[in-house]
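Structure first, commentary second.
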Amino acid sequence: LTDAAAIATLAGELGYPSAEADVRARLEDLRGRGADEEAYVAIGDDAVVGWIHVYRVVLLETSRQAEVGGLVVADGHRGRGVGQQLLRAAESWAIERGMREIRLRSNILRNDAHRFYRSHDYEMIATSYLFRKHLSR
Ligand SMILES: CC(C)(COP(=O)(O)OP(=O)(O)OC[C@H]1O[C@@H](n2cnc3c(N)ncnc32)[C@H](O)[C@@H]1OP(=O)(O)O)[C@@H](O)C(=O)NCCC(=O)NCCS
């Protein structure tokens with residue numbers, strides 16, 4: 001929770017501008033979900049330089065698996081292995097909980113990220129559209 005401001009800044013770099021208060025509330029939500037969620041920050045020079053969020057997915061149609069909800073490393077700290085360490089932390093979290101597969105979704109425009117994932121043995125298994133609907137009472 002004390003890293004909420006830094007996490008919010010990096011969420012902006014990821015393309016999701018977020019207020020510190022909103023990130024704080026989301027972290028509280030994650031904490032409420034207990035053992036099915038984890039978030040890690042990477043620290044460099046006494047500051048947060050990256051974060052990853054991983055969670056357990058329960059679907060009717062597939063076996064239990066982990067999914068990365070978000071991963072970002074601060075511009076200026078990329079290409080030094082921080083992303084790799086965060087990914088490893090998420091994978092270890094999943095392995096320790098008996099999950100045999102980890103997945104993530106990545107915008108088709110993020111070519112650098114796709115290269116990064118491929119170099120860490122992630123294979124692209126599908127492309128899909130994302131639909132949404134605003135809900136009102
Ligand atoms: C994708 C992202 C998380 C990767 O993080 P990163 O810290 O740059 O990743 P790493 O440094 O571990 O690896 C990146 C590259 O640097 C190289 N590298 C790793 N350690 C290195 C080091 N010590 N020195 C130089 N290069 C290094 C790796 O070989 C890797 O090469 P690759 O692109 O061919 O895979 C980061 O670039 C990022 O935040 N991008 C913007 C947001 C984004 O796209 N997030 C993913 C959304 S799906």
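The values are calculated or read from the model by the stated rules, or taken from the named source; none is laboratory data. For clarity, every value in this text was computed on a predicted model and none was experimentally measured. No Cβ is skipped: glycine too gets one built from the backbone with ideal geometry, and neighbour counts run over all protein chains shown.
So the values come out like this:
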| quantity | calculated |
| --- | --- |
| In the stretch 27-57, residue modelled with the highest pLDDT [restricted to those that are within 18 Å of A6 (Cβ to Cβ) and exposed (fewer than 11 other Cβ atoms within 10 Å of the Cβ)] | D46 |
| Residue, nearest to the ligand (Cβ to nearest atom), within the stretch 75-131, restricted to residues that are among the basic types (K, R) and within 20 Å of E38 (Cβ to Cβ) | R105 |
| Of all residues in the stretch 77-105 being surrounded by 13 or more Cβ atoms within 10 Å (Cβ to Cβ), touching a residue at least 12 places away in the same chain (Cβ under 8 Å) and among the basic types (K, R), the one that is farthest from P17 (Cα to Cα) | R97 |
| Every residue from the stretch 13-26 that is closer than 12 Å to L1 by Cβ and in contact with a helix residue (DSSP H, G or I) (Cβ under 6 Å, 6 or more places away or on another chain) | E20, V23, R24 |
| Residue within the stretch 111-124 that is of a type in the set (G, A, S) and in contact with a strand residue (DSSP E or B) (Cβ under 6 Å, 6 or more places away or on another chain) present | no |
| Identity of the residue in the stretch 58-76, of a type in the set (A, V, I, L, M, F, W, C) and surrounded by fewer than 17 Cβ atoms within 10 Å (Cβ to Cβ), that ends up farthest from L10 (Cα to Cα) | L60 |
| Members of the stretch 103-137 that are more than 16 Å from V72 (Cα to Cα) and among the hydroxyl-bearing types (S, T, Y) | S119, Y122, T127, S128, Y129, S136 |
